[in-house]
Amino acid sequence: MKKLLLATTILAGLSASAFAGEDEIKMGIILGFTGPIESLTPGMGDSAELAFKEASDSGILLGGKKIVAIRADSTCIDAAAATAAAERLVTADGVVAIMGADCSGVTTAIVNNVGVPNGVVMISPSATSPALSTIEDKGNFFRTAPSDARQGVVLADIVLGRGIKEVAITYTNNDYGKGLSEAFSNAFKAKGGTITITAAHEDGKADYSAEVGALSASGAKELVVFGYLDQGGKGIVQSSIDSGAFSRFIFADGMIGQAIVDAIGDDLIGSFGTAPGGDNDGAAKFLEIAKGKVASDGKGPFDGNSYDAGALIALAMQAAGSMDRAAIQAKVMEVANAPGEKINPGELAKGLKILAEGGDIDYVGATDVEFNDVGEVFGAYKELEVVKGKFDTIKIH
């Protein structure tokens, strides 16, 4: 049923694009609407579309044009399928830019095989692999979520700060899991921590008892899970609880979401982790405008990043005064960074008007956007803990 609904959504998007007139702008959204983070992506897609709608409803975007969003499924894990979906967006649908992709492996594949060859700007809200910092993107790839090179250090500090000196680690066997595991391990060991075992796991298995048995046999009492909340990571956690191997878990962003709390229940109380996000005025404003309009009311771990990615594309297009792909690419850094009038969520009309009049803006957004020279953010992280049936923010790092 879920795949049928997705197909219906995509077909609706394709139909809308097929009849898009000269006053409409086709924009791609490619996320894993099926796969290991499928409980997160509805909110991410909605958040980007919220920004597109805000820009369209202003009546100011390129003299009154409207954005038509076309969704495609990255699957999060199948690079070939993700590349084919992105290729359709670019060639058949003729999108001018792409919000996405999401998971690091498929994002890398799309950048290399579609984004760069076609000169299409991609702004990912959630691809966090450190390897993406050095990808040969010819200036076409940006991300509003910070690199796991930073998340690994932040999480290591949090774990050690809680007095935990020894852990076992399991990670999903892909670019995201490997990069995050390495960043965390290096930081944790450099600051005096001990890792008893580091073991990969595959997504999509029905039984994780063997993996959990090996992790438990290492002697660690705490388990770090660098996986996905709708796939292997969830399976590892459930098997650990069922066997009594581990009772508290340490997560990173791929495991943060209400779906896993709902699935596991009270056994997850006390588990903690990190996800991108801050506590600035823009974050509060985003939650205000997202309530009732975005799945999870904009509280998903990458919802704010997705809104920001969508907003940046619209603002860059306005700064360029054109739907030309190369012209959009040339203006992303300019609208994202100082100097200029600061723009928060809900203020896109203000930003579009300033740009239309030849002024400068500094888009701050929901996640305090400021790009470095390779188009990625330093970013802040939330320290979250499961309390009374949900992830509560404990502190901002």
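No value in this document is a laboratory result; all are computed from the given coordinates. Source: prediction; values computed, not measured. Cβ: placed from backbone, ideal geometry, glycine included. Neighbour counts: every protein chain shown.
Quick notes on this one:
- Chain lengthening between VAL387 and LYS342 when straightened (0.36 nm per residue, less Cα-Cα): 12.7 nm
- For HIS201, HIS397, order by how many other beta-carbon atoms lie within 10 Å, fewest first: HIS397, HIS201
- Placing dummy labels 7 Å off each Cα toward the beta-carbon, the span from ALA190 to GLU24 is 5.1 nm.
- Peptide ranges 106-117, 185-196, 213-224 listed from the most packed, as the mean C-beta count within 10 angstrom indicates: 106-117, 213-224, 185-196
- Those chymotrypsin sites (Phe, Trp or Tyr not before Pro) in region 303-397 that DSSP places in a loop and that have at most 12 other beta carbons within 10 Å: PHE378
- Fully extending the segment from ASP360 to SER247, taken as 0.36 nm per residue of separation minus the present Cα-Cα distance, adds 35.5 nm.
- Dipole of region 270-397, positive direction: furthest Cα of GLY379, GLY298, ALA366, with charges on the beta-carbon: GLY298
- For the chain, the longest principal axis of the Cα atoms and the long axis of helix 41-57 meet at an angle of about 20 degrees.
- Spin-label model, ASP267/ALA80: points 7 Å from Cα along the beta carbon direction are separated by 3.6 nm.
- Protection proxy ranking, highest mean first, for peptides 133-146, 30-43, 273-286: 30-43, 273-286, 133-146, where packing is the per-residue count of other beta-carbon atoms within 10 Å, averaged.
- Likely footprinting exposure, ASP93, ASP324, ASP148, fewest C-beta neighbours within 10 Å first: ASP324, ASP93, ASP148
- Cβ crowding within 10 Å ranks PHE246, PHE226 as PHE246, PHE226, fewest other Cβ atoms first.
- Sparse packing (at most 16 other Cβ atoms within 10 Å of the Cβ) combined with a DSSP loop state is found for the following GluC sites (Glu not before Pro) in region 320-378: GLU357, GLU370.
- Here r is the Cβ-Cβ distance between ASP324 and ASP279 and R0 is 45 Å; the resulting FRET efficiency, rounded to 0.05, is 0.75.
- Among 171-177, 99-105, sorting by the average number of other beta carbon atoms lying within 10 angstrom of each residue, highest first, gives 99-105, 171-177.
- For the chain, the antiparallel share of DSSP beta bridges with both residues in that region comes to about 25%.
- Whole-Hz ³J(HN,Hα) from phi, Karplus 6.51 cos²θ - 1.76 cosθ + 1.60, for region 324-331, glycine and proline x: 5, 4, 5, 5, 4, 4, 5, 10
- Student exercise, region 345-397 dipole from Lys, Arg, Asp, Glu Cβ charges, in Debye to nearest 20: 400 debye
- Taking the helices alone, the chain has a mean residue ellipticity at 222 nm of -12500 deg cm²/dmol, built from -39,500 (n - 2.57) per DSSP H run of at least 4 residues and averaged over all its residues.
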